[in-house]
Amino acid sequence: MSQENEDIYTRIVRDYLKGKREDQLYLAQQLGKWLLSRNISPEEVTDMHANVLEHLGDVPEFIQDSFQILTEIMIEYGNAYRSFDSWRSRHQQLQAEIAIATAMQQTLLPETLPQYPNVDIGMISIPAKEMSGDFYHFLCESKSEFTVAIADITGKGIPAAMCMSMLRYAMDSLGEMKLAPGNMLRHLNSVVERNIDPCMFVTMQFGRYNTAQHVFRYATAGQEPGFLYRARENRFFDLEGCGTALGIAAGSEYEEREIYLEPGDFLILLTDGVTERKIGRYYIQREELVSLLEEETSASAQEMANHLYRRLLLLSQFELPDDYTMIVLRRT
């Protein structure tokens with residue numbers, strides 16, 4: 001403790017004992033904040049107070065002795081404060097690292113959606129926390145074909161971001177081979193199974209849309225089933241398909257399915273953050289979700305995605321327990 005600090009403290013104590021004014025208490029508060037900012041420990045403040053009392057006059061011996069007890073107690077408070085300060089520094093460093101990882105994660109996601117004649121594409125992806133475990137990817141293969149993937153990575157935070165990075169670069173590399181959806185998932189499963197922690201896995205739906213024939217061919221790896229809307233029947237169907245999530249079992253095979261879209265038909269690909277939405281004490285059922293979608297069938301793909309998100313957010317009282325991602329592919 002510097003002599004200057006002790007002099008200031010002495011003056012505050014002396015002035016307060018003379019007049020007991022509120023402004024002196026305010027100065028003491030400000031001095032306390034300043035001492036904290038300089039990492040002055042509680043035991044140092046206790047010792048300083050004992051010294052000040054001796055300078056101001058005779059102090060009874062029992063009061064002087066009592067400061068020894070107080071100092072020992074303040075040492076424990078000081079240790080706790082230093083431990084907290086160390087934790088706070090580590091926390092700030094971690095927050096800075098998470099901010100960098102979040103920014104890097106955003107670079108892994110497409111900035112724009114594909115533009116093709118007679119195909120309307122809408123997409124919304126909202127993370128529940130700073131970093132998302134949801135992943136989506138578009139790749140324009142030709143003037144008449146593009147691929148789309150939607151995935152959910154177990155866990156959150158930096159491990160999920162690292163897995164997302166691996167998926168993105170694996171898909172970009174494999175995309176040059178123009179693999180069929182089932183083969184793409186088979187290769188990705190091999191990559192994920194070899195490179196991520198055994199407690200993690202990835203669910204994914206991967207498909208290729210032919211905009212000339214309006215055929216969507218896809219395969220599923222444990223992903224939440226989406227929806228198919230048939231305009232002629234004015235009816236929603238579940239997107240069929242199953243398969244083992246990526247990273248669980250080596251050598252898994254993935255069945256492919258094919259859908260032809262007529263004008264007005266659309267597909268909805270989604271993660272479980274859409275369907276597993278708690279409203280009050282119960283979770284929304286797929287039938288209830290369909291009833292909400294039925295009110296949006298005349299909207300554009302992007303409007304449909306936005307409207308459903310807002311309605312579900314309102315129904316769940318603005319709680320978002322899991323990452324939320326939806327992609328709409330509509331033949332116009």
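Points to keep in mind about this one:
- Label corresponding to Cα extents along the principal axes in Å when calculated from the structure given, among (1) 99, 43, 36; (2) 80, 47, 44; (3) 71, 45, 40: (1)
- The chain - percent relative contact order, Cα under 8 Å, separation 6 or more: 17 percent
- For LYS20, the lysines whose Cα comes closer than 29 Å to its Cα, not counting residues fewer than 8 places off in the same chain, are LYS33.
- Acute angle (nearest 10 degrees) that the helix 157-175 long axis makes with the longest principal axis of the chain, alpha-carbon atoms: 30 degrees
- Segments 322-329, 3-10 sorted - mean Cβ within 10 Å per residue, highest first: 322-329, 3-10
- Phi to ³J(HN,Hα) by Karplus 6.51 cos²θ - 1.76 cosθ + 1.60 over segment 303-313, Hz, x for Gly, Pro: 4, 4, 4, 5, 5, 5, 4, 5, 5, 5, 5
- Relative contact order of segment 3-102, pairs being alpha-carbon contacts under 8 Å that are 6 or more residues apart, as %: 26 percent
- Full-extension gain in nm, LEU108 to ILE63, via 0.36 nm per residue minus C-alpha separation: 9.6 nm
- Cα centre as origin, Lys/Arg/Asp/Glu Cβ charges: segment 3-102 dipole, Debye: 560 debye
- With Cα atoms, 0 to 90° folded angle of helix 42-56 axis to the chain main axis: 20 degrees
- Spatial offset of segment 281-332 relative to segment 26-103 amounts to 53 Å, using the alpha carbon center of each.
- Rounded to the nearest 10 degrees, the angle from helix 61-107 to the longest Cα principal axis of the chain is 20 degrees.
No value in this document is a laboratory result; all are computed from the given coordinates. The structure presented is a predicted model; accordingly, all values stated were derived computationally and were not measured. Cβ coordinates were reconstructed from backbone atoms using ideal geometry, including for glycine residues, and neighbour counts include every protein chain displayed.
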